[in-house]
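The values are calculated or read from the model by the stated rules, or taken from the named source; none is laboratory data. Quick caveat: nothing in here was measured; it's all calculated off a predicted structure. Here the Cβ is made from the backbone with ideal geometry for all residues, glycine too, and neighbour counts use every protein chain on show.
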Amino acid sequence: MLPSDLLITRIKKDRIYPDFAQLTAEHLELTAELIDVYKNLTGKKKSEIDVLLEELEQGLNFKRVRGLRTLLERRCTFTSQFTIDPVQARRAVFRIASESKVTNRKERAEVIESVAQDLTVPAEDLEHSLWADLESEIILEGFEHLTPEELLKWYNLSLAQTLLFKSTGMTIAVKGKAPEIFRAIKYFGLMYLQEGRDRIRVEGASSLLKLSEKYGTSLAKLLPSIVRSESWQIDAEIVIRRDTPRIYHFVMDSRDRNLLTGDEQTMQEIEPEKFDSSIEKKFYNEFLSLPVAKSWELIREPDVIFTSKGVFIPDFKFQHKELEIETYFEIVGFWTDSYIKRKLAKLRALPFTMLVAIDKNLACFNAAQFDLGLDQPVILYSKKVPIGDVVRYLAEIEQEAVTMQVEQLKETKIELEGDIIPIADIARKHEISQEAVRAFVKHPDYVVFKDVIVNKELLQDLKKELTSTEKYVEARRAIEAMRLSNADEILAHLGYKVKWKGLDPSAATIALQ
């Protein structure tokens, strides 16, 4: 966005349009010249750069040039260069000056010299440090380069966003990448109404009584997500408050895409890791730290789901890394009765099962009176989601999937050949999960371990060999020599217990229980 005083528009009847900079030679030449100023004047004071740029503005559209400059400065890094902290320097100088009652340049120079001696710095360095933190004195340290065409497209997008800030509402018709738009709407906290699968009505800042500036900015930030869509159109009502307030329509569609950028490099990126609440964030971090995360991938706000009651974006999706199963998880923690009723209506309309966690301390929630009416598994929580309940739910789903695969294997004969058979090879051959293989294979001549199936005769030979040692490291060496890597699991099966003396494996011993 740009400051509102740099907005340039055109009005025709009941329509209002941003006065976009066309990608013509004239505008490209201007932007190239502006870019070169920032690129070539590294190390110069901002006041020196401003003087040069003000000369360029002569005879040009002031608002246009100033808008381009505003965007370019967002890609600049300015720094203050001083020997003594400016605040400290001014405090020391002003204290002495007030005591000496300075009235002329000579007396001022004497004060500067005196303070410089006290601070053990040259008078020139003190003089330079006095006002080094003023905007005019800061130094251009670096500039993130972009092309003239990228700058013009960014400028046009910023013009459109600045105009949308004044909107009372906007209707969006879109095809392609609609999930990204809904995700952005949710992220920016915008109020919306779904008017069909590809049509959305978003309320604008001017329709609100409070927080209009923050909300208007959020609405403007939605535009890059729209521009990136395959085919789109917006129709926004814009309030122009002159002598008599009047509403104009700002209409734009995907035919204007070539004038705009949807590249988030120059815009504030939507952060997928940002959470709606601390409850969600705590759950996410805690889940990732558990062993169950090795089997289940936790995906934040994964999909946009269209229901008869509106668009729904679940908080999380659990996707099993081996089994072809997934499930959604929603944490309900808002405090208004109307919100939770809308949320429950969407949950009831879902065509699949979803785990739901509801804060039992909600002001509007009373376990005795509030009828959830959900055909979904529900967890009630207070302050934090009981992660153990979630893990048990996932274990049940996983077990159901494994049981189903085992049932499908009943007519299948799995041939076991060799002394050591990797379970992964069997799973791959029969296109089932390794857990299903472990549950299905039962053979009198083999033992099923976590990763391999081992011939019992080989295990007996190993057990005889282990009778000649009590050292843990030697036992491991003997097991690994037989091309088995799961030493502790093998030892436990053979009836051995490892006795540790500290953390040093060489000091550990084994003994039959």
- List every residue pair whose Cβ atoms sit under 8 Å apart, with the two residues 6 or more apart in sequence or on different chains, where the first one lies in region 192-203 and is in the same structural domain as residue 174 (by TED's automatic domain parsing) and surrounded by fewer than 17 Cβ atoms within 10 Å (Cβ to Cβ) and the second, anywhere, is of a type outside the set (S, T, N, Q) and part of a loop (DSSP other than H, G, I, E, B). 201/195
- Task: Find the strands (runs of 3 or more DSSP E) located wholly in region 152-264 whose residues include 2 or more that are aliphatic (A, V, I, L, M), closer than 24 Å to residue 13 by Cα and modelled with pLDDT of 75 or more, and list them.
- Result: 167-175, 231-240, 246-253
- Considering residues of region 54-75 that are hydrophobic (A, V, I, L, M, F, W, C) and surrounded by fewer than 17 Cβ atoms within 10 Å (Cβ to Cβ) only, the residue farthest from residue 3 (Cα to Cα): 56
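Filter the helices (runs of 4 or more DSSP H) completely within region 1-111 down to those with at least 3 residues that are without any contact (Cβ under 8 Å) to a residue 40 or more places away in the chain and within 34 Å of the chain's Cα centre (by Cα).
By residue number, 62-73.
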- Task: Would you mind stating whether residue 50 is outside the structural domain of residue 219 (by TED's automatic domain parsing), over 30 Å from residue 168 (Cβ atoms) and not β-branched (Val, Ile, Thr)?
- Result: yes
- Query: Given the structure, is residue 431 in contact with a Leu (Cβ under 9 Å, 6 or more places away or on another chain), under 28 Å from residue 325 (Cβ atoms) and among the acidic types (Asp, Glu)?
  - Reply: no
- Would you check which residues across region 54-80 are out of contact with any strand residue (DSSP E or B) (no Cβ under 9 Å at 6 or more places or on another chain), under 19 Å from residue 150 (Cβ atoms) and of a type in the set (A, V, I, L, M) and list them? 65, 68, 71
- Message: Please count how many residues of region 128-137 are farther than 10 Å from residue 83 by Cα and either crowded, with 18+ Cβ neighbours inside 10 Å or among the charged types (D, E, K, R) (or both).
- Response: 3
- Query: Which members of region 431-448 meet the condition of being within 40 Å of the chain's Cα centre (by Cα) and crowded, with 18+ Cβ neighbours inside 10 Å?
  - Reply: 432, 433, 434, 435, 436, 437, 438
- Message: Any residue that is within 30 Å of residue 239 (Cα to Cα), in contact with a helix residue (DSSP H, G or I) (Cβ under 9 Å, 6 or more places away or on another chain) and surrounded by 15 or more Cβ atoms within 10 Å (Cβ to Cβ) - is there at least one of those in region 140-151?
- Response: yes
- Do we have any residue at all in region 319-336 that's of a type in the set (Asp, Glu), more than 30 Å from residue 424 (Cα to Cα) and modelled with pLDDT under 85? no
- Scan region 435-450 for residues that are hydrophobic (A, V, I, L, M, F, W, C) and within 22 Å of residue 397 (Cβ to Cβ) and jot them down. 436, 437, 439, 440
- Query: Across region 265-309, which residue is surrounded by the most Cβ atoms within 10 Å (Cβ to Cβ) among those that are modelled with pLDDT under 90, in a loop (DSSP other than H, G, I, E, B) and polar (S, T, N, Q)?
  - Reply: 277
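Assess whether residue 388 counts as being without any contact (Cβ under 8 Å) to a residue 40 or more places away in the chain and either within 30 Å of residue 483 (Cβ to Cβ) or in a loop (DSSP other than H, G, I, E, B) (or both).
For residue 388, the condition - without any contact (Cβ under 8 Å) to a residue 40 or more places away in the chain and either within 30 Å of residue 483 (Cβ to Cβ) or in a loop (DSSP other than H, G, I, E, B) (or both) - is not met.
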